[in-house]
Amino acid sequence: MERTLGAGRPEQAGYMLRAAKGEAGRAYKRRLVELLDVRPGHTVLDVGCGPGTDLPALVERAGANGTVIGVDRDPAMLAAARSRTKGLPGVELREGDAHALPVGRGTVDRAKIDRVLMHVTDPVEVLGQLGEVTRDGALVGLVEPDWDSMVVDAEDLETSRAFTRYTSDAVVRNATVGRSLARYAERAGFRVETVAASTPVFRDFYDADHTLGLGRNMQAAIDAGCVDVERGRRWFASLADGPFYASFTLVTVLCSR
């Protein structure tokens, strides 16, 4: 299998599904659902549900009398989620923005946001929206990466550091939101119950290139003048030559109303 420096971004739904199926993805998602403690009859909200990766697990716990609402602003994502949840009871898919949730005030028992706040305009405003739609006593689960903590092992350590800096500064809108989750949740009026961090580890270069965008983001860093072109090319080529290691910090916060 060959990877090319500057290869285009993968199709978004497929990208999300593949990331969720990996060992690290399965582990943190399973832990998030356990923390949420979804019970039969609950109304559960998945903000930025994407292609519906987590909806079946939430439906299983909410039961036939529960309701699971998936919200996403992308019609293509909702179409994929609709296909994925076909035949499941109590699923409602709604098009809408996280800053203006299409959900009734005080109607939600459990809610989750998984790797969405790093992309939004105002994370605290989105959390405030969650406060509006959740009931007293509701639990809310948040998961976000801290891209400033990403490390990629290479002989050229300075270029690895430059790659992380470029990713944090130019690629992801809210690259360090993971470390700020608890503070943002409290600012939005929630009580923070649990804060945990995990470290997804990539030992396969090709999986890491797909998930972390090693080639496409290095090419963007070169184009932006942040990395010398020859040095960036050598760095990328070297990653597939021997044992590979990359990781980043993923923060999970459980909070309550």
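Since every read-out is calculated from the coordinates, none of them should be taken as a lab result. Keep in mind the model is a prediction, meaning the values are calculated, not measured. Every residue, glycine as well, gets a Cβ built from its backbone with ideal geometry; the counts of neighbours run over all protein chains shown.
Angle of helix 12-21 to the longest C-alpha principal axis of the chain, folded into 0 to 90 degrees and rounded to 10: 80°.
If you take the Cα centroid of segment 22-64 and the Cα centroid of segment 177-229, the two points sit 22 Å apart. Across segment 19-124, the fraction of Cα-Cα pairs farther apart than 25 Å, rounded to a whole number, is 13%. Temperature 20 °C, viscosity 1.002 mPa s: under these conditions the Stokes-Einstein estimate for segment 76-179, based on its Kirkwood radius over C-alpha pairs, is 133 µm² per second.
Using DSSP, restrict attention to beta bridges with both residues in the chain and report what percent are antiparallel, rounded to the nearest 5. Percentage antiparallel, nearest 5: 50. All Cα-Cα separations within segment 211-257 were binned at 10 Å from zero, giving a P(r) of 21, 39, 22, 11, 7, 1, each value a whole percent of the pairs.
Net length available on complete extension from residue 223 to residue 153 is 23.0 nm, with 0.36 nm assigned per residue and the Cα-Cα distance removed. Multiplying the residue separation of residue 238 and residue 92 by 0.36 nm and removing their Cα-Cα distance gives an extension gain of 47.9 nm. Here is the tail figure for the chain: Cα pairs spaced more than 30 Å apart come to 30 percent of all pairs. Take each peptide in 72-80, 111-119, count the other Cβ atoms within 10 Å of every residue, and average; sorted highest first, the result is 111-119, 72-80. Counted by neighbouring Cβ atoms within 10 Å, the residues 205, 236 run from fewest to most as 205, 236. The relative contact order of the chain comes to 21 percent, based on Cα pairs under 8 Å that sit 6 or more residues apart.
Here the label points at residue 65 and residue 256, each 7 Å from Cα along the C-beta direction, are separated by 2.3 nm in the simple model. On a 0 to 90° scale, report how tilted helix 229-239 is relative to the longest principal axis of the chain, with both axes built from alpha carbons and the result rounded to the nearest 10. Around 70 degrees separate the two axes. Segment 230-257 and segment 65-92 have Cα centres spaced 31 Å apart.
Using the Cβ-Cβ distance between residue 170 and residue 196 with R0 = 41 Å, the FRET efficiency computed as 1/(1 + (r/R0)^6) comes to roughly 0.90.
Working note: 222 nm ellipticity from helices only, DSSP H runs with n ≥ 4, each -39,500 (n - 2.57), summed and divided by the residues of the chain, gives -12000 deg cm²/dmol to the nearest 500. Extension gain, residue 183-residue 204: 0.36 nm per intervening residue step, less the Cα-Cα distance, totals 4.2 nm.
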